[in-house]
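To start, the structure itself, in structure tokens.
The values are calculated or read from the model by the stated rules, or taken from the named source; none is laboratory data. This is a predicted model, so every value here is computed, not measured. Note that each Cβ is placed from the backbone with ideal geometry, even for glycine, and that neighbours are counted across all protein chains shown.
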Amino acid sequence: MSISFQDLKKINHSNIYFFLLIILSVALPLSKYVMSLSQILLLLNWLIEGNFNKKLQILKTRKSIILLVSIIIIHFIWLIPSHDIKYGLDDIRIKMPLLILPLIIGTSKPLNQLQIKKILMFFIVSVTFASIICTFVFLGLTKHVITNYRDISIFISHIRFALLINVAIFCLVYFLISKIYIISKFEKYIYVILILWLTGFLFILNSSTGIVVLLITSYILIFYYTIHLKKLLLRILFIFLLILFPTFLIIQVTNSVLKYYTIENINFNNLENYTIQGNKYYHNKSSRLIENGHYIWLYVCEKELNTEWNKISDYNYGGKDLLGQDIRLTLIRYLASLGYKKDAEGIKKLKKEDVRAIEDGYSNFIFKNKYSIYPLIYKIIWEIDIYNKTRDANAHTLTQRIEFLKTANYIIKDNFWFGVSTGDLQLKFNQYYNKLHSSLIKEYRLRAHNQFVTFFITFGIFGFIYILFALVYPIILEKKYNNYYFIVFLIIAILSMLNEDTIETQAGATFFAFFYCIFLFSEKPAEINNKATYLNK
């Protein structure tokens, strides 16, 4: 039995389109393969549907679609002078969601708020399911081997996953506070539980980007709703909270810095040379590396550390901890953090929970407290301190980014007007790392980790300005500057772009294009204010 083209045209393509959007939303946190397949099927459905005269008319009148699609056209134009055409074509392939999704979603019937909510509900369920599976991985209930927190996110990059979690959280918040949707008490309880769970999971995931995005987005939203509060007492209360939060952070950071640099008083001319067991200490008097104000490389006897550690742990002294770090270095830092000498006596003072913490990769006892803000601040201070003292940024997330941006700055200076081209981005970074004699080893010589800087390097000042225009002007054309979904997504996306090359990966490009388009081209809430009964079905 064969199916003719006419039979294909009789299919309800609108329903297929909506179904495939749901599949894509579910795939975002779970499967790159399904993510790609659903977009291919969306394109096929769009082509088979036909109605090209109508779609062409929409393209002519809806300039926002043309602007978004032109971003990929710019990539093709800037591919012409590239030396590495293969890299450029692969980059364009990764970013194809920026072409496919605006074209399909923009020329299709606008999604109403019920459809948006259904898509988001499937997305939230998918994110929640992924977070539960990742928690099982974290607890060691699966066969996955964890060497660091990034390994917990087994489906996509932990940073991309953290962004999806943020979108899910703020969509749930809107379901609770919006007057558009009529929800039952049971639904409210479910939404609150999901918000609490996903927020808690962000800390399990230990994604600094995700946590910072959550805090800043929350602060912006609270500020926005505070200035629109009609009740004076409530407005004063929230203004007080808005002032209190940054004040609290400033005090915490200030106290943390002062605490970090409160260093033990050591007479370097009167150091003990031998342990109680008569073995010689190693003292590196020139090293000023510290943990909790205690010098790491004073009073170190690795002969005793080796012997005593192997008596109390199955993790060999010469091996690795669960995060893939050298056990010996983790142990020495951990002992220093407690103010113990790095010898047999120091090992004997360790409790069982300390041994387990060292095996897990904790280099400082304060990191055992996962629910305190101090360890997060301490880690940032420690990385900056190490970088200032050694200029070594390898394997340190924050200070690596300093090296990335320093290198990017030199590339921009030499390629200010027209950039380095679509295909030569990584090539130029490699050249400049060598030219600047960067301390980063090859493994860590990455790109800018800032999407705006990456655009500037690739396309120069003219291309950079145009891409910003192509991303921002559609918001004005479609009048989405008051749309909760779109604005919250945009805040999350912009914050991520300041810290990551968000759309330089398939998952990131799809994340951005999908939410940007379904929120940008959706039906305006004002158009359905009288559909409360419909929305409650």
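Odds and ends about this structure:
- Neighbours by Cβ (under 7 Å, 6+ apart or cross-chain): first from the stretch 82-103, polar (S, T, N, Q); second assigned to a helix (DSSP H, G or I) and buried (at least 22 other Cβ atoms within 10 Å of the Cβ): Ser82/Gly88
- Filter result for Phe512 (buried (at least 19 other Cβ atoms within 10 Å of the Cβ), in contact with a helix residue (DSSP H, G or I) (Cβ under 9 Å, 6 or more places away or on another chain) and not basic (Lys, Arg)): yes
- Count - residues of the stretch 105-139 that are more than 19 Å from Asn45 (Cβ to Cβ) and outside any helix (DSSP H, G or I): 2
- Consider the stretch 121-145 and keep the residues that are among the aliphatic types (A, V, I, L, M) and surrounded by fewer than 21 Cβ atoms within 10 Å (Cβ to Cβ). The one that is modelled with the lowest pLDDT is Val145.
- The residue that is farthest from the chain's Cα centre (by Cα), among those in the stretch 498-508 that are buried (at least 21 other Cβ atoms within 10 Å of the Cβ) and within 27 Å of Phe416 (Cα to Cα), is Ile503.
- Residue that is surrounded by the most Cβ atoms within 10 Å (Cβ to Cβ) [pool: residues in the stretch 474-489 that are within 18 Å of Ile116 (Cα to Cα) and free of Cβ contacts under 8 Å to residues at least 24 places away in the same chain]: Ile487
- Single residue of the stretch 230-264 satisfying the filter (in a loop (DSSP other than H, G, I, E, B) and modelled with pLDDT under 90) that is surrounded by the fewest Cβ atoms within 10 Å (Cβ to Cβ): Lys230
- Members of the stretch 278-290 that are surrounded by 15 or more Cβ atoms within 10 Å (Cβ to Cβ), more than 16 Å from Ile347 (Cβ to Cβ) and in contact (Cβ under 8 Å) with a residue 24 or more places away in the chain: Leu289, Ile290
- Within the stretch 1-28, the set of residues being at pLDDT 95 or above and in a loop (DSSP other than H, G, I, E, B) comprises Leu28 only.
- Test: residue in the stretch 298-310 that is touching a residue at least 12 places away in the same chain (Cβ under 8 Å) and touching a Cys at 6+ places or on another chain (Cβ under 6 Å): no
- Residue check for Leu68: of a type outside the set (Ser, Thr, Tyr), part of a loop (DSSP other than H, G, I, E, B) and more than 30 Å from Asn206 (Cα to Cα): no
- Leading residue by the ranking (nearest to the chain's Cα centre (by Cα)) among those in the stretch 386-433 that are aliphatic (A, V, I, L, M) and over 17 Å from Ile461 (Cβ atoms): Leu398
- Filtered residues of the stretch 212-248 (kept if touching a residue at least 12 places away in the same chain (Cβ under 8 Å) and in contact with a Phe, Trp or Tyr (Cβ under 7 Å, 6 or more places away or on another chain)): Thr217, Tyr219, Ile222, Thr226, Leu242, Phe245
- Yes/no for Ala408 being touching a residue at least 24 places away in the same chain (Cβ under 8 Å), touching an Asp or Glu at 6+ places or on another chain (Cβ under 6 Å) and either surrounded by 15 or more Cβ atoms within 10 Å (Cβ to Cβ) or assigned to a loop (DSSP other than H, G, I, E, B) (or both): no
- Every residue from the stretch 275-291 that is part of a loop (DSSP other than H, G, I, E, B) and at negative phi: Thr275, Ile276, Gln277, Asn279, Tyr281, His283, Asn284, Lys285, Ser286, Ser287, Arg288, Leu289
- The stretch 106-120 - residue that is aliphatic (A, V, I, L, M) and within 25 Å of the chain's Cα centre (by Cα) and, of those, surrounded by the fewest Cβ atoms within 10 Å (Cβ to Cβ): Ile116
Matching residues to (1) farther than 20 Å from Ile73 by Cβ; (2) at pLDDT below 95; (3) among the hydrophobic types (A, V, I, L, M, F, W, C):
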{"site": "Asn499", "(1), (2), (3)": "yes, yes, no"}
{"site": "Phe515", "(1), (2), (3)": "yes, no, yes"}
{"site": "Ile518", "(1), (2), (3)": "yes, no, yes"}
{"site": "Lys524", "(1), (2), (3)": "yes, yes, no"}
{"site": "Leu535", "(1), (2), (3)": "yes, yes, yes"}
